[in-house]
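Quick notes on the structure that follows.
The values are calculated or read from the model by the stated rules, or taken from the named source; none is laboratory data. Source: prediction; values computed, not measured. All Cβ positions, glycine included, derive from the backbone under ideal geometry; neighbour counts span all protein chains shown.
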Amino acid sequence: MQTSPISARGESLRAIVLDVDGTLVDSERDGHRVAFNRAFEEAGLPDRWDVERYGELLEVTGGERRIKVYLEQQGSSAEEREPLARRLHARKTEIFTEMARQGEIEPRPGVHELLDELEGAGVRLAVATTGSAPWVHALLERLFGLDRFETVVTSDEAPERKPDPSAYRIALEGLALTPGAAVAVEDSRNGLRAAKAAGLACVIVVNDYTRGQNFDEADLVLDGFGDPGPPTLVLADPHGVGPPGRLDVETLRRLTAGGSAG
Ligand code: XBP
Ligand code: MG
């Protein structure tokens, strides 16, 4: 197992690029899934995604693609599913945007504390998500204040969905930083692959849907943010950065070479 600092790039931590779904918010099971099902129901369709099926469908990033893959599994033709998926997803986006606006989606425990600490330490904040701009903006505004994020990259800006690295690359361009000066915080294998392909160090904070995924390339794997609440369990710490029971700015600094643990 690798125990050295992750790189010799010599840069210090300037920014954190955060994923939204599953990372800032635990939004999939009781948020997006519910909104997809409401869209099916309003369209008069019998389809409903239960918790387990939705977990399988999460392998497909991007809500419209997820609906398309599902419809294809159900035997729908390409001519049928393209416009139907577009229509269903447009309605799902409206429904979920309203849920976000109404405060139905909450931050994961410890996220507020981490963002405050990062800002206090002068670390810039950005977002790279595969989600759609209307709800992403509504959610960030409601929970944290949209202005706190210098760059917010959604599926409206990125040409491809994760694991494609485009969202991370565009975020770095927006920040005018090289990958060595930023660390990504993600929850899933698709997000990890996107961040690593863009050249960022990546911390994974697992949730119930992603706990069993392969995070071999991650620079740190935690089971939560750790503050408030019980100290986070460290699931993998290949560089020996030793987080103090929570994800804090010092730990994130050690993941860039300028502040390495080595
Ligand atoms: C998030 C997604 C999104 C959401 C739903 O992935 O894949 O599709 O599930 O949002 P990540 P939309 O956390 O890796 O960014 O319906 O707006 O796509
Ligand atoms: Mg995610």
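Can you report the number of residues in the stretch 67-83 which are touching a residue at least 24 places away in the same chain (Cβ under 8 Å) and under 15 Å from residue 39 (Cα atoms)?
Total satisfying the criteria: 1.
Go through (1) under 11 Å from the mean Cα position of the chain (by Cα); (2) over 28 Å from residue 33 (Cα atoms) for residue 236 and report which single condition fails.
Just one mismatch for residue 236, condition (1).
Quick check: anything in the stretch 177-191 in a loop (DSSP other than H, G, I, E, B) and within 17 Å of residue 111 (Cβ to Cβ)?
Here is the first cut: in the stretch 177-191, the ones in a loop (DSSP other than H, G, I, E, B) are 177-178, 187-188.
Subsequent filtering for residues that are within 17 Å of residue 111 (Cβ to Cβ) retains 187-188.
Yes, because at least one residue in the stretch 177-191 is in a loop (DSSP other than H, G, I, E, B) and within 17 Å of residue 111 (Cβ to Cβ).
Going by the conditions given, is residue 158 assigned to a helix (DSSP H, G or I), surrounded by 19 or more Cβ atoms within 10 Å (Cβ to Cβ) and within 14 Å of ligand 1 (Cβ to nearest atom)?
Spelling it out, it is not the case that residue 158 is assigned to a helix (DSSP H, G or I), surrounded by 19 or more Cβ atoms within 10 Å (Cβ to Cβ) and within 14 Å of ligand 1 (Cβ to nearest atom).
On the basis of being at pLDDT 95 or above, closer than 19 Å to residue 194 by Cβ and surrounded by 18 or more Cβ atoms within 10 Å (Cβ to Cβ), does residue 170 make the cut?
For residue 170, the condition - at pLDDT 95 or above, closer than 19 Å to residue 194 by Cβ and surrounded by 18 or more Cβ atoms within 10 Å (Cβ to Cβ) - is met.
If residue 130 meets every condition in (1) under 19 Å from the mean Cα position of the chain (by Cα); (2) in a helix (DSSP H, G or I); (3) not charged (D, E, K, R) apart from one, which number is that one?
(2)
Quick check on this structure: which one of 212, 229 is surrounded by fewer than 15 Cβ atoms within 10 Å (Cβ to Cβ), over 17 Å from the mean Cα position of the chain (by Cα) and outside any strand (DSSP E or B)? Talk me through it step by step, then tell me what you get.
Numbers: 212 fails: over 17 Å from the mean Cα position of the chain (by Cα).
Only one candidate qualifies: 229.
Can you confirm whether the stretch 177-194 contains a residue that is β-branched (Val, Ile, Thr), touching a Ser or Thr at 6+ places or on another chain (Cβ under 8 Å) and more than 15 Å from residue 25 (Cα to Cα)?
Checking the stretch 177-194: at least one residue is β-branched (Val, Ile, Thr), touching a Ser or Thr at 6+ places or on another chain (Cβ under 8 Å) and more than 15 Å from residue 25 (Cα to Cα).
Any residue in the stretch 178-207 that's in contact (Cβ under 8 Å) with a residue 40 or more places away in the chain and within 10 Å of residue 164 (Cα to Cα): show its pairings with residues that are charged (D, E, K, R) and not in a helix (DSSP H, G or I) at Cβ separation under 7 Å, as long as the two are six or more apart or on different chains.
These pairs meet every condition: 190/162; 191/19; 191/162; 194/162; 194/164; 195/186.
Just checking, does the stretch 173-182 include any residue being at negative phi, crowded, with 22+ Cβ neighbours inside 10 Å and within 14 Å of the chain's Cα centre (by Cα)?
no
Restricting the stretch 57-105 to residues that are within 16 Å of ligand 2 (Cβ to nearest atom) and not aliphatic (A, V, I, L, M), which is surrounded by the fewest Cβ atoms within 10 Å (Cβ to Cβ)? Lay out the reasoning, then the answer.
Taking the stretch 57-105 as the starting set, the residues that turn out to be within 16 Å of ligand 2 (Cβ to nearest atom) are 57-63, 65-66, 96, 100, 105.
Still in the list and also not aliphatic (A, V, I, L, M): 59, 61-63, 65-66, 96.
On the way: 59: 12, 61: 21, 62: 18, 63: 27, 65: 16, 66: 22, 96: 28.
Per the stated criteria, the residue is 59.
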